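A short reminder: the numbers here are calculations on the coordinates, not readings from a lab. Being a predicted model, the structure only gives us computed values, none of them experimental. For neighbour counting, all protein chains shown are included, and Cβ atoms are generated from backbone atoms with ideal geometry for every residue, glycine included.
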């Protein structure tokens, strides 16, 4: 995920002109780095493809458990997304408006889920949760909300920093708009890119999370891949590649939509974590 | 940037644009600020400020940064709350009314247009909040854009507009809701000088035509004096003086007002009896309200002094600034005091650097202030 983010960043923000001309001489080195990185990322993929073979792909879709586990993961991603957005957008807006000094603190607090190992989290959660909740799949969604929080907060925070939340909110307020309407009509459309970034991260997170789901005894897509791997490794690997491609297409789609949107309203180009102001991006 | 080049013609055209139908002169609303106080921690932003604004009047609040003028405006708008005191709009206390229900149009210092909406939708936003139908509100928003001379830019997004155009759209947006009070929070200070001048006139013309009671916050004295019916000079959370621009300039109530508005010379004087002061060897009457004992300075406008070449006069010319019709001559007096005197440029011609001159003052009553060390 981190590598992906970095890639996008570099791709959308060309170096300033001075740096560009200086780097022209070292063009060969750039290619060397590119090739090494490319081999590093693509070789395992190629190996997986070879291993799975073409027949593996055909069988993936008819394999028992594939559909149900993928569907479960998609539903979990959707529920996680909804809860995270409903929680994080108003909270982050509120922090920006009323408690700007809390931003640092919140930034630190939202990092905790990354620092604490998922094993610790899930074991703790399973200890204290009532049975009624433990027996449903939705407990997992609630846990994913916690895991997604750092990503969602960072993305939304970056989006809000790119606009003048206070002035826009006050302007909307003086025109008769309540806080909810302001968030819906004024804030959200202007942090659309940030929300899309958060969406990508949440979906990728939920579709790839293994530890918690496995310990919670839920057969999500990644859990199914691992389990099925023992039965038929070829199909399991094919399923992994399929998941990768689907996620990638989804990601590209969102980036394209966001870029088109930002071009219309003159916001900066899209990277995963930031909305760069237009001036800093070369033309 | 083409947007900027267009600024001049469109701004000028806008003033002559026909008055939009349905937004004719309204009955203005009186506004009263009663004894407003507001503290941020240990700092008193407002310290018992009171102000009565007549219907349709434009009052400018002028003062250095931190004097409380913006806080006062934000309390009226409902973005900030007073610790004590009340705001009456049309005779009714609005303290408990949220900003969104106060019916006040506001233009901000920073660009505040909604980036996701084009100019027309920005102007129509307040009408949409008031549940006006799409066709109706688009029509009305169109009229307002015409009023500020930006009809051709209706479909453009804020980032495609120049700073001046953005502020004009913001003005149209604020006026679209037919606000009871128009609040202007340094709307011109982010613009360059030429645009600022045009927009100043445009705001004033529109405001007078619509008859909207307006509070205008600025730190630019020229802006305040040229636009407002009355100017309130603020200091340390209090109104130091509120008066018509001419009165504020010619008879400032306090030394602070005198020095904040326009240019002032300070000349050491000597209190020489009840109500008189001796300055430059002349005894003149003192305007009441100043100190009656101790060391004092006499405050005099550059145009309130006279200067003429004179062998063995009381000063030497040390500088000249050509201002068009007048030239401001800097004269060093004995005792190391420098004064600036405005002289018709023709008269100033012989007073080159180093010329010995005699500085004098007319016999009108003068303002005195405690001497600054």
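In the elastic network of chain B, a GNM with C-alpha springs shorter than 10 Å, the most mobile of B:212, B:337, B:71 is B:337. Exposure proxy for B:44, B:194, B:131, B:140: other Cβ atoms within 10 Å of each Cβ, ordered fewest to most, give B:131, B:194, B:44, B:140.
Residues B:336, A:164, arranged from fewest to most other Cβ atoms within 10 angstrom of their Cβ, appear as B:336, A:164. The Cα atoms of the stretch B:315-373 give a gyration tensor whose axes a ≥ b ≥ c have a/c of 1.5 or more with a/b greater than b/c, which makes the shape prolate.
Taking the centroid of alpha carbons for each part, the stretch B:237-288 and the stretch B:155-198 are 37 Å apart. The length gained by stretching the chain between residue A:97 and residue A:210 to full extension, at 0.36 nm per residue less their Cα-Cα distance, is 37.0 nm.
Within 10 Å of each Cβ in peptide B:98-107, how many partner chain Cβ atoms are there on average? Round it to a whole number, please.
Counting Cβ atoms of other protein chains within 10 Å of each residue's Cβ and averaging gives 5.
Computed over chain B, the per-residue total of -39500 (n - 2.57) for DSSP H runs of n ≥ 4 gives a 222 nm mean residue ellipticity of -8500 deg cm²/dmol, rounded to 500.
Computed on chain B, with alpha-carbon pairs under 8 angstrom and 6+ residues apart, the relative contact order is 17 percent. The Cα-based radius of gyration and maximum Cα-Cα distance (Dmax) for the stretch A:162-228 are 19.4, 59 Å. Here the contact order of the stretch B:264-370, divided by its residue count and restricted to Cα pairs under 8 Å and six or more residues apart, works out to 34 percent.
Grab the beta carbon distance between residue B:95 and residue A:105, set R0 = 30 Å, and tell me the FRET efficiency rounded to 0.05. It comes out at approximately 0.40.
Relative to the longest principal axis of the Cα atoms of chain B, the long axis of helix B:119-129 makes an angle of roughly 70 degrees. Calculate the spin-label point distance for residue B:295 paired with residue A:119, positioning each point 7 Å from the Cα along the beta-carbon direction, and give it in nanometres. With each label point 7 Å from Cα toward Cβ, the separation is 8.0 nm.
May I ask you to derive the FRET efficiency for residue A:54 and residue A:257 from their Cβ-Cβ distance with R0 = 41 Å, giving the value to the nearest 0.05? Step by step, r from the Cβ atoms, then E = 0.80.
The angle between the Cα long axis of helix B:163-176 and the main principal axis of chain B comes to about 60°, on a 0 to 90 degree scale.
Spin-label model, residue B:283/residue A:180: points 7 Å from Cα along the beta carbon direction are separated by 7.8 nm.
Residues B:287, A:122, A:200, arranged from fewest to most other Cβ atoms within 10 angstrom of their Cβ, appear as B:287, A:122, A:200. Each part gets one Cα centre, and for the stretch A:121-151 versus the stretch B:327-344 those centres are 80 Å apart. Using only the C-alpha atoms, the convex hull of the stretch A:136-200 corresponds to 92 Å³ per residue. Note that the stretch B:264-370 shows a convex hull volume over its alpha carbon atoms of 93 Å³ per residue.
Rounded to the nearest 10 degrees, the angle from helix B:2-16 to the longest Cα principal axis of chain B is 90 degrees.
Approximating the spin labels as points 7 Å out from Cα along Cα→Cβ, the residue A:234-to-residue B:371 distance works out to 10.5 nm. Of the peptides A:151-159, B:278-286, the order by per-residue mean of other Cβ atoms within 10 Å, starting with the highest, comes out as A:151-159, B:278-286.
When a/c reaches 1.5 or more, the comparison of a/b and b/c decides; with that in mind, is the protein assembly as shown rounded, prolate or oblate per its Cα gyration tensor? Cα axes put the protein assembly as shown in the prolate bin.
Of the residues B:320, B:180, B:34, the one that moves most in a GNM of chain B with alpha-carbon contacts below 10 Å is B:320. If you look at the Cα atoms of chain B, you get an Rg and a Dmax of 24.4, 80 Å. Place a label point 7 angstrom from the Cα of residue A:248 along the Cα-to-Cβ direction, then list the residues of the stretch A:61-97 whose backbone nitrogen is under 20 Å away. From the stretch A:61-97, the list is A:61. Computed over the stretch B:135-279, the Cα gyration tensor eigenvalues convert (square root of 5λ each) into semi-axes of 41, 15, 11 Å, ordered from largest to smallest.
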